[in-house]
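The values are calculated or read from the model by the stated rules, or taken from the named source; none is laboratory data. Note that the coordinates shown come from a computational prediction; the quantities given were computed from them, not determined experimentally. As a convention, Cβ positions derive from the backbone with ideal geometry for all residues, glycine included, and neighbour counts pool all protein chains shown. Ligands, DNA and RNA are stripped out before the accessible areas are found, and what is left, the full protein with its side chains, is counted by its heavy atoms. Shrake-Rupley method; radii C 1.70, N 1.55, O 1.52, S 1.80 Å.
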Amino acid sequence: MINERLRNSMNEQIKNELESFYIYMSMTAYFHTRNLDGMAHWMRCQAHEEMTHAMKFFDHINDRGGKVVLLNLNQLKTVWASITEVWQDTYEHEQFITGKINELTTIAREEKDYTSEPMLAWFSKEQLEEEATACKVLEQIKMIGENQSGILMLDRELGARAFPPGSALDPAAYSVTA
Ligand code: OFO
């Protein structure tokens, strides 16, 4: 049975992960308005990952005999002043999530909930990768500056990210014309 304090914090984390999903879909929509379909695609792939993160916590609480409680999501940002601002927000958001994973790890240890530790260690590693990726793209955007062809090249590169097989966010999964 999952420790109650940890369960409550994991329910909060489901909300954080679903908000991550929502943030990245909002960024997807923004990039489409800027005709940066590669960046839109990258954000959509990222949104897929966030949904799977939410579900990992969802399943963990269930598997441990706890009750999942879905909390209200906040109204999120829908407009950005620049491409740089979107990537800055992405990097800051991933740092925020890393802080939340660290808090969960602290609670698991304080409450001696050792069963949760392997999953939380997986999230720590995942956050290391996600922060590093967001930071790298942000720094590249800063290097490119106002150079339009540089932005288009990066857009193409980010557009090459592959959807995980079977992703419900992959347009191929629900295309009515296919
Ligand atoms: Fe970005 O890793 Fe979950 O939130």
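Some observations on this one:
- Pairs where the first residue, in the stretch 1-24, is of a type in the set (Val, Ile, Thr) and within 11 Å of the ligand (Cβ to nearest atom) and the second is in a helix (DSSP H, G or I) and open to solvent by less than 30 Å² (accessible area, probe 1.4 Å), C-beta under 6 Å, 6+ apart: 14/54; 14/57
- Residue check: residue 139 meets all listed conditions (1) exposed (fewer than 14 other Cβ atoms within 10 Å of the Cβ); (2) within 16 Å of residue 14 (Cα to Cα) but one, namely (2).
- Residues of the stretch 25-69 that are touching a Ser or Thr at 6+ places or on another chain (Cβ under 8 Å) and aromatic (Phe, Trp, Tyr): 30 alone.
- When residues of the stretch 142-160 are limited to those that are within 19 Å of residue 46 (Cα to Cα) and open to solvent by 90 Å² or more (accessible area, probe 1.4 Å), the one nearest to the ligand (Cβ to nearest atom): 157
- All of 175, 149 fail the test of being over 16 Å from residue 86 (Cβ atoms), free of Cβ contacts under 8 Å to residues at least 12 places away in the same chain and part of a helix (DSSP H, G or I), apart from 149.
- Some residue of the stretch 90-108 being without any contact (Cβ under 8 Å) to a residue 40 or more places away in the chain and acidic (Asp, Glu): yes
- Qualifying residue in the stretch 62-75 (condition: over 26 Å from residue 119 (Cβ atoms) and of a type outside the set (Lys, Arg)): yes
- Residue 117 being of a type in the set (Asp, Glu), open to solvent by less than 60 Å² (accessible area, probe 1.4 Å) and within 15 Å of the chain's Cα centre (by Cα): no
- Inter-residue pairs, beta-carbon under 6 Å, first without any contact (Cβ under 8 Å) to a residue 60 or more places away in the chain and in the stretch 59-86, second assigned to a loop (DSSP other than H, G, I, E, B) and surrounded by 11 or more Cβ atoms within 10 Å (Cβ to Cβ), 6+ apart: 61/68; 86/80
- Selection within the stretch 60-80 - at pLDDT below 95 and not in a loop (DSSP other than H, G, I, E, B): none
- If you check 25, 43 for being open to solvent by 20 Å² or more (accessible area, probe 1.4 Å) and of a type in the set (A, V, I, L, M, F, W, C), only one passes: 25.
- Selection count, the stretch 55-110, where residues are over 14 Å from residue 13 (Cα atoms) and buried (at least 16 other Cβ atoms within 10 Å of the Cβ): 10
- Pairs with Cβ under 9 Å, 6+ apart, first in the stretch 38-57 and closer than 27 Å to residue 7 by Cβ and of a type in the set (Val, Ile, Thr), second within 10 Å of the ligand (Cβ to nearest atom) and open to solvent by less than 10 Å² (accessible area, probe 1.4 Å): 52/17
To keep it simple, each residue is scored yes or no on (1) in a helix (DSSP H, G or I); (2) within 9 Å of the chain's Cα centre (by Cα); (3) on the phi < 0 side of the Ramachandran plot; (4) within 9 Å of the ligand (Cβ to nearest atom).
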| site | (1), (2), (3), (4) |
| --- | --- |
| 28 | yes, no, yes, no |
| 32 | yes, no, yes, no |
| 35 | no, no, no, no |
| 39 | yes, no, yes, no |
| 44 | yes, no, yes, no |
| 48 | yes, yes, yes, no |
| 53 | yes, yes, yes, yes |
| 58 | yes, no, yes, no |
